[in-house]
Amino acid sequence: MVDKPKFNTALHEKDGVNQPESFSASSIANITKLRRKQPTATELVQGILNGNKTALSRAITLVESTNPSHLEKATNVINQCLPHANKSVRIGITGVPGVGKSTFIEAFGKHLTGTGRKVAVLAVDPSSSMSHGSILGDKTRMEELVKDENAYIRPSASGDTLGGVARKTREAIILCEACGFDTIIIETVGVGQSETAVHSMVDFFLLLKIAGAGDELQGIKRGIMEMADLIVINKADGDNIKKAKLAKTEFNRALHLFPAKNSGWQPKVTTCSAINHDGIADVWQIVSEYFEMAKGNHYFNAKRAEQNSYWLTETINEQLKSSFYTREGIAPLLEQYKKAVQNNELSPFAAAQFLLEKYFSK
């Protein structure tokens, strides 16, 4: 029997060359060794005080950690940094999605670093209520500012915090101030939730708006308008300039209907085009006028003292909540009573009362 000749087909695979190892075992060992060596609290603080952004990032990660074993070290870092903090101005910026917050903050930040200021941006990204994930894409959107030596951008996930402020943003401010940043910008999620949290940790509250999108009537409503120290109508360029000027007039009228602020400041309205950098200098001029007035009449320090008191009670509330859910024996009872509530065997209020009694009796 004669053997049939072998033909190569499109599916035939020739023996290839063995690929070399794509990694180095020694390099992996060195990286693993370095990762295991965590800096002490004193080393982190020393790096922060020397202006080391890597140390700052590691400290913020430590502070944001939900691991109970990290709490003592994080508290130690905060306490050592506290005497070097409180030497900055804190500006909160909010606005609905699509208003151009990231573009505005980059243009605003570049203007500030151009005048010699050091800017830290704490950008809070929304977390998914289903997967609990977050994109954290602000460094990508602010591609020019992120390369600036006098700027630092730290995106954080909002988690389940109302108002779009990360759980530990307040502590991150202290760390950034100790690192030498004299202007702290906090960008909120801006999804229509309560902005009380960010208002209670900043000196100046800036509200971004856009014209021609049915936004004027919503903006005239009470609430966030009463908290704003400045309303900036963004995207005032091209065919939108006329609409922006009209919106400015309408917002100015609305602001005069609200009660006077305790600071004595009359909120203002201005327009800008962040993409063209038009009007950015005017925004900083208005912010500077506010700080000059607030420091002159001592409202600036009084507000800081009031905020510290507020965050004392907020921290107590947070620690009590964390202690409840992590207390041994509470988790199985919670699941048991959840099922009873779902089956209408027990009211939510009675179940909560029982669980709290169990917690406080331990």
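The values are calculated or read from the model by the stated rules, or taken from the named source; none is laboratory data. Computed from a prediction, not measured in an experiment: that's the story for all the values here. Don't worry about glycine lacking a Cβ; one is built from the backbone with ideal geometry, like all the others, and counts go over all protein chains shown.
Brief remarks follow.
- Scan of the stretch 46-69 for residues that are of a type outside the set (S, T, N, Q) and within 21 Å of the chain's Cα centre (by Cα), ordered by number: I48, G51, K53, A55, L56, R58, A59, I60, L62, V63, E64
- Scope the stretch 58-89; condition in a helix (DSSP H, G or I), small (G, A, S) and in contact (Cβ under 8 Å) with a residue 24 or more places away in the chain; matching residues: A59, A74
Results for (1) within 26 Å of S65 (Cα to Cα); (2) loosely packed, with under 12 Cβ neighbours inside 10 Å, shown as yes or no for each residue.
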| position | (1), (2) |
| --- | --- |
| L320 | yes, yes |
| Y325 | yes, yes |
| G329 | yes, yes |
| Y337 | no, no |
| Q342 | no, yes |
| L346 | no, no |
| A351 | no, no |
| L355 | no, no |
| Y359 | yes, no |
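- Hits in the stretch 194-228 - residues which are crowded, with 17+ Cβ neighbours inside 10 Å, under 22 Å from W311 (Cβ atoms) and modelled with pLDDT under 55: none
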